[in-house]
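Remarks on the structure that follows.
The values are calculated or read from the model by the stated rules, or taken from the named source; none is laboratory data. Quick caveat: nothing in here was measured; it's all calculated off a predicted structure. When we count neighbours, we look across all protein chains shown, and the Cβ atoms used for this are built from the backbone with ideal geometry, even at glycine.
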Amino acid sequence: MSEKASVSRQQQKSRETREKIFRAAKRILEKKGYEELSIKNICEEAGVSNGSFYHHFKTKDDLLSYYIEDQPKIDPDLLEMPDSVEGVKAGIIQVYLNYVKYCRELGVEFMAEYYDTKNQALNAAVRTERPYPVLTVQSYVEKAIAAGIVSLNVEIEEFTTDIRMIVIGNVFEWCVKHGDADFEGNMSRSLGKYLDAVLCGESKEK
């Protein structure tokens, strides 16, 4: 048996363990709420050791962030560099509509428990990693600026902070209304208005 095949099996087993831990955490959240989501309870529910948990995740909030931030990746073709500012805006909105879809898959109850003020994984000042959608959008806009397609009238860090807060606000609104909100429509509209204000068509103005 080849070394490559062995590594592949190990990777598969690792993914299965992560999934088992996540499913256990989700069951606890749904049945008992965030307060009962201790690492001890997660490990007991999943049938894994504490060591196995810490092999995959730093904290319980890191566990939840893993699934919220490592959502299924956007099809790269959707983010090919467009030739207009409107195309850039559409690409950014598509990233977050993909996030909306993923939130719906996880469920409003799950997301409402995750978007808790006790969850320091939501605190950008504490987290060392940036959420995947923000990284994608930042890279996308930087490439569009470098290509002379758009200009940004705020600093890139301010831009990504604003985007993150708009997205959090839309998710919170959806959660607080128990899913009875136009999640996709609100996300598209609020992001669209912000992008209209900060992104300009570079080539058209010259």
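Of note:
- Residue satisfying all of: in segment 37-56; in a helix (DSSP H, G or I) and small (Gly, Ala, Ser); surrounded by the fewest Cβ atoms within 10 Å (Cβ to Cβ) among these: 51
- Qualifying residues in segment 10-44 (those that are hydroxyl-bearing (Ser, Thr, Tyr) and more than 20 Å from the chain's Cα centre (by Cα)) - the one modelled with the lowest pLDDT: 14
- Where helices (runs of 4 or more DSSP H) fall wholly inside segment 132-206, the ranges with 3 or more residues that are under 18 Å from the mean Cα position of the chain (by Cα) are 132-146, 156-176, 183-198.
- Residue in segment 57-80 that is modelled with pLDDT of 90 or more and assigned to a helix (DSSP H, G or I) present: no
- Number of the exception - residue 141 against (1) under 19 Å from residue 177 (Cα atoms); (2) crowded, with 19+ Cβ neighbours inside 10 Å; (3) modelled with pLDDT of 90 or more: (1)
- Condition check for residue 182: modelled with pLDDT of 95 or more, of a type in the set (D, E, K, R) and surrounded by fewer than 16 Cβ atoms within 10 Å (Cβ to Cβ): yes
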